[in-house]
Amino acid sequence: MSAKKLKVFVTVKLPDSVETRLRELFDTTLCPDKRPMPRDKLLEAAQTAEVIVSSINDQIDADFFATAGEQLKMVANFGVGYDHIDIQSAADKGIIITNTPGVLTEDTAEMTMGLILAVARRFVEGAETVQRGEFSEWSPTFMMGRRIYGKRLGIIGMGRIGQALARRAKAFGMSVHYHNRKPVSARIAEEIGATYWDNLDDMLPRMDVVSVNCPRTSETFHLLNAERLGLLSPTAIIVNTARGEIIDETALAHLLREHKIAGVGLDVYERLPGINPELFGLPNAVLLPHMASSTIEARQDMGDRVILNIKTLQDGHRPPDRVIPAMI
Ligand code: DGY
């Protein structure tokens, strides 16, 4: 006999194929709107749903869990990052949190590598010049960027995405360095051939490119503050596809305007809405709209993980992608 269908509430518009499957398997209320779910609707859902499918747009904080009714069993986040979820409050209330690890690693690493190339080789400036009809003849001194072959890449955070980036950077002829809470296993270190720095302040001044790939936690908030950013060489490039709050955006914009660093590639920002306007209009800033994991394949795979987690719960088992307080 099939199990009773769980009452699932989705806070964000998902790909059609994912939504269809959610409706087949569960008693699902979908979100027709592409904009973030209003707070009052989210809190209302917390009083009736058994599972909430959330996204980074929702603040799943202590107030949310205080409001949640006894029926709420799980929050299945559509995304790998869970810095917008109060994991401890969830655990205190016995509510399971799941995420979607592993399935967007390659896509995010791909985009990070793309951003490094875009900033160093001035893709956006070049493309815009052609679009404006301003390109008519080749010139040896036009649009000179910086070669990345042979340069040093410093990766902050050597988890799955950091490692996937390291493999790509190695293939592009970069030498890979990293800062992490601890060194990676001997097997991975050997495969990637990366140099470990236990002190970030020692690594930063020696890098040509720095990539932020760590999660946002209380320890990594403004990890790259004004003082640390000041350690970078004026020819350095910095890219961030992790979380905006890891870099002090105001200090970053200032350094960029003062030509104290060579360029930035950002996919994430400290505040939304409210990107620091000082970042706008700079030729050496490539700014993307949080799209690093946005491929058709990743979004489908993320949906499949969400569905697997809910289905496992519905069938009376422990969902595979649980996030627990020990992980933060
Ligand atoms: C992720 O999966 O964490 C993406 O950044 C979207 O939340």
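Assorted remarks:
- Members of region 101-137 that are of a type in the set (Gly, Ala, Ser), without any contact (Cβ under 8 Å) to a residue 40 or more places away in the chain and farther than 20 Å from Arg160 by Cα: Gly126, Ala127, Gly133, Ser136
- Within region 13-55, tally of residues that are of a type in the set (A, V, I, L, M, F, W, C), surrounded by fewer than 20 Cβ atoms within 10 Å (Cβ to Cβ) and closer than 14 Å to Arg299 by Cα: 0
- Residue that is nearest to the ligand (Cβ to nearest atom), among those in region 319-328 that are modelled with pLDDT under 95 and not in a helix (DSSP H, G or I): Ile328
Residues are listed down the side, and each one gets a yes or a no for (1) free of Cβ contacts under 8 Å to residues at least 40 places away in the same chain; (2) crowded, with 20+ Cβ neighbours inside 10 Å:
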| residue | (1), (2) |
| --- | --- |
| Asp248 | yes, yes |
| Arg257 | yes, no |
| Val264 | no, yes |
| Val286 | no, yes |
| Met291 | no, no |
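- Restricting region 281-304 to residues that are among the hydrophobic types (A, V, I, L, M, F, W, C) and more than 10 Å from the ligand (Cβ to nearest atom), the residue that is farthest from Asp267 (Cα to Cα): Ile296
- Residues being within 13 Å of the ligand (Cβ to nearest atom), open to solvent by less than 20 Å² (accessible area, probe 1.4 Å) and β-branched (Val, Ile, Thr) - total across region 59-117: 7
- For first residues located in region 72-100 and closer than 23 Å to Lys13 by Cα, partners that are at pLDDT below 95 and lie 6+ apart or on another chain with Cβ distances below 9 Å form the pairs Tyr82/Met327; Tyr82/Ile328; Asp83/Ile328; Ile97/Ile324.
- Candidates Gly274, Gly316, Gly281, filtered to the one that is open to solvent by less than 70 Å² (accessible area, probe 1.4 Å), free of Cβ contacts under 8 Å to residues at least 12 places away in the same chain and in a loop (DSSP other than H, G, I, E, B): Gly274
- When residues in region 191-244 are screened for being over 20 Å from Leu256 (Cβ atoms), within 16 Å of the ligand (Cβ to nearest atom) and either among the acidic types (Asp, Glu) or open to solvent by less than 50 Å² (accessible area, probe 1.4 Å) (or both), 4 of them pass.
- With respect to the stated conditions, Arg168 is touching a helix residue (DSSP H, G or I) at 6+ places or on another chain (Cβ under 9 Å) and either more than 16 Å from the ligand (Cβ to nearest atom) or not in a strand (DSSP E or B) (or both).
- Checked against the criterion of being open to solvent by 90 Å² or more (accessible area, probe 1.4 Å), farther than 30 Å from Gln300 by Cβ and under 22 Å from the mean Cα position of the chain (by Cα), the candidates Arg152, Arg181, Arg160, Arg147 yield just one match: Arg181.
- Filtered residue count, region 1-51, keeping only those that are among the basic types (Lys, Arg), under 27 Å from the mean Cα position of the chain (by Cα) and farther than 18 Å from Ser294 by Cα: 3
- Selected residue [in a loop (DSSP other than H, G, I, E, B) and within 19 Å of Pro319 (Cβ to Cβ)] from Pro101, Pro32, Pro36: Pro101
- Residue among Thr112, Thr141 that is under 13 Å from the mean Cα position of the chain (by Cα) and over 30 Å from Phe64 (Cβ atoms): Thr112
- Residues (away from the ligand (no atom under 16 Å from the Cβ) and either among the polar types (S, T, N, Q) or in a helix (DSSP H, G or I) (or both)) located in region 43-58: Leu43, Glu44, Ala45, Gln47, Thr48
The values are calculated or read from the model by the stated rules, or taken from the named source; none is laboratory data. Keep in mind that what you see is a predicted model, and the values were worked out from it rather than measured. Cβ coordinates were reconstructed from backbone atoms using ideal geometry, including for glycine residues, and neighbour counts include every protein chain displayed. What goes into the accessible areas is simple: the full protein's heavy atoms, side chains included, and nothing from ligands, DNA or RNA. Shrake-Rupley method; radii C 1.70, N 1.55, O 1.52, S 1.80 Å.
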